[in-house]
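Chemist: Take a look at this one; I'll ask things after.
Readers should treat all values here as calculations from the given coordinates under stated rules, not as data from a laboratory. Since the model is a prediction, treat every value here as computed from it, not as a measurement. Here Cβ is always computed from backbone atoms with ideal geometry, including for glycine, and neighbour counts include all displayed protein chains.
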Amino acid sequence: MKSLLLYLGLFWIVPISVQGQVQMNKDSLLRLMPTAKEDTNKVLLYINIGQQYEGTDPETAKAYYRQARDLSRKMNYTLGEIRFITNYTYLLNMQGRYDSSIQLNLQSVALARQINHTEYLAKCLFNSGTSYQYAGMYDSAIIQYEEGKKVFALLKNEMLEARSKDILQLLYAELHRYDKAIELGESAIAYFRKTGDKYPLALSLSNTGLSYVSTGKLDMAVSYFKESLALGKEIGDLQIETTNMLNLGDCLIQTNQYSELLPYFKRALELSQIMGAKESEAIANRGLAIYYLWKNELPLAKKHMDQALEITANSDQRVQHRRNLETFSSVLFAMHRVQDAEEALRTSTILGDSLNGELIQQTTLQLEKKYESERKDNQIRLQQASLKQKTTLNYMLIGGALALLLISFLLYLNYRHKQRLQVQRIQELETEKQLMATEAVLKGEEQERSRLAKDLHDGLGGMLSGIKYSLNTMKGNQIMTPENQQAFERSMDMLDSSIKEMRRVAHNMMPEALLKFGLDTALRDFCNDINQSGALKITYQSFGMEGVQWEQSTAITIYRIVQELLNNTMKHAAARTAIVQVGHTPEGTSITVEDDGKGFDPLILKGARGIGWTNIQSRISYLRGRWDVQSEPGKGTSIHIEINS
């Protein structure tokens, strides 16, 4: 008489809390219906409302689910149709319509595969397994469950894992592996106690209690059934309440406590009739018949057995029908209707033999299918082995040919690579040769500049200074007319200007500040000299130049680059202002020279033959740098140079 609690929670794609607030939630959902648009949200609304009716009015719940299905199909909303099936088949299972439930659940599996949704696929596989299990088709149930377990493992979801354990414990219980069933059930119970989720906790308690009944631990089973019953009443779920009433009544029968049966089976009968749960109604009637048989109120006992037989005779609940016939025969024997009792018992025996025969036939067919499948697999393996032998040689020949081609190709690539390396090396040598030549020219140029600067400073500069000294001495010893005095003063001024110009030229040829104080100071002095001359207003900025130890050749080259760029600006750009920025980092040195002059088209540089641009390019190449010229007519010029360390 044990009644397995149908498992619903796993199927709730969109969970709704019905814990003590079913009516309030239902009313609020119903108020949304008149204004709901025909979209996916309305599908979910139909599903949610149906879930509120499941425990109290299954037919109304089914009506809402069908509306969700129709709207989903109209919109081609596959997820909505899957949600319809997962909720609708729960009610079919509860009503004992397992064939219809199996068909729909398999359809949901196909839909989940179609949309390639892992979570829905796992749930639909478990739903199919549950329907197969209720129908007694355990091998098919195992196939669905095992595939579902593999998919669930990919999700890494503790809640779904706990609910799948609760489902699997029922299967292990059907296979009489009660220790494994209890292990799974206790694991699920522990998780739901931790989360405080009352609905799945009630399910797990009831299902685990059945395994304790099967192992003879009735005290443990009763405590679990009572806790589950209390939770079912708290959340207002009639199905949970009905199932636990039946299970507690069964425990009372097993312990011969017949006097306490009435309230349990009477309440279970009332709830079953409200929900339209025919199998539960038949079991409750049979329980009441046993109670009245014990009280020797035989007419009432027969009345309830007639009602139970009427239900099972017109359904596919043949196992329950056989049990009803056995109990009915006991009632008839008590009424001294021996012939009728023996007929009922004989019918029960025939039905039992038929069920056993079908089970044996089903097992035999499964074994035959398994044998035939293995025989075909062996034939396929032999054919594959023969084919493999034939193709192996072909593969070896093809592989050898491909290997030969590959080796030839690699040798060719190696040859081409060596050629490219040789060409690259030649180019590098030519570049290095050019750089060495450039370096020699630049060094020679700087040496000549240095020599000329010294000659000017020491030779011509000394001579001019001597002349100035002599003239000053002569001035003190001669009496000159005012006109001669004025001419003499002009000559002295011109001599001073010549000395200054000579010193400026010598300084530009080899600035002393560059050799004594470094590049940054030399560039700053050079810009200040131009500012003082009034030829151009220059803003000089430097970054990271403090304390940098430059090679003399590098410092001189950078100085000459900036010098040449500013000379070009003063000669050709007609600029009023210019900016010089020099920055140094561990990665290299950057130089930027900008002016507000008349600008030019940078394309003319490609054909330029001027000494200035040629010198700049040669010096940049010598430093292995790169430069970028940005200019437009009337918009000034910006030249940026990057020199790697």
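Chemist: Mind giving me the nanometre distance, one decimal, between the label points for LEU421 and ALA535, set 7 Å out from Cα along Cα→Cβ?
Modeler: It is 5.3 nm.
Chemist: So, in nm, how far is label LYS217 from label ASP628 when the simple model puts each one 7 Å beyond its Cα toward the Cβ?
Modeler: Distance between the two pseudo-spin positions: 7.8 nm.
Chemist: Shape call for segment 76-167 from the C-alpha gyration tensor, a ≥ b ≥ c root eigenvalues: rounded (a/c under 1.5), prolate (a/b greater than b/c) or oblate?
Modeler: In terms of gyration-tensor shape, oblate.
Chemist: Next question. For an R0 of 60 angstrom, estimate the FRET efficiency from the Cβ-Cβ distance between THR614 and ILE398 and round to the nearest 0.05.
Modeler: Efficiency, from the Cβ-Cβ distance: 0.45.
Chemist: In nm, to one decimal, how far is the LYS388 label point from the THR349 one, both placed 7 Å along Cα→Cβ?
Modeler: The two pseudo-label positions are separated by 5.7 nm.
Chemist: Continuing with this model, one more query. Do any of LYS62/LYS198; LYS198/LYS226; LYS42/LYS233; LYS180/LYS226; LYS198/LYS266; LYS266/LYS302 go past 20 Å between their Cα atoms, and which?
Modeler: Cα-Cα > 20 Å for LYS62/LYS198; LYS42/LYS233; LYS180/LYS226; LYS198/LYS266; rest within.
Chemist: Rounded to the nearest 0.05, what FRET efficiency do LEU406 and LEU154 give with R0 = 35 Å and r taken as the Cβ-Cβ distance? Could you check?
Modeler: Efficiency, from the Cβ-Cβ distance: 0.30.
Chemist: Also: Using the Cα centre of segment 513-644 as origin and beta-carbon charges of +1 (Lys, Arg) and -1 (Asp, Glu), tell me which of GLY547, SER590, SER631 is placed farthest towards the positive end of the dipole.
Modeler: SER631
Chemist: Okay, moving on. Subtract the Cα-Cα distance of ASN414 and GLU489 from 0.36 nm times their separation in residues, and report this length gain in nm to one decimal.
Modeler: Taking ASN414 through GLU489 to full extension adds about 18.7 nm, to one decimal.
Chemist: Lys pairs in segment 509-645, Cα-Cα under 25 Å, at least 8 apart or on separate chains: how many?
Modeler: Lysine pairs meeting both conditions in segment 509-645 amount to 9.
Chemist: From the phi of every residue in segment 534-541, what ³J(HN,Hα) in whole Hz does the Karplus formula 6.51 cos²θ - 1.76 cosθ + 1.60 yield, where θ is phi - 60° and glycine or proline is x?
Modeler: x, 6, 6, 8, 10, 9, 9, 9
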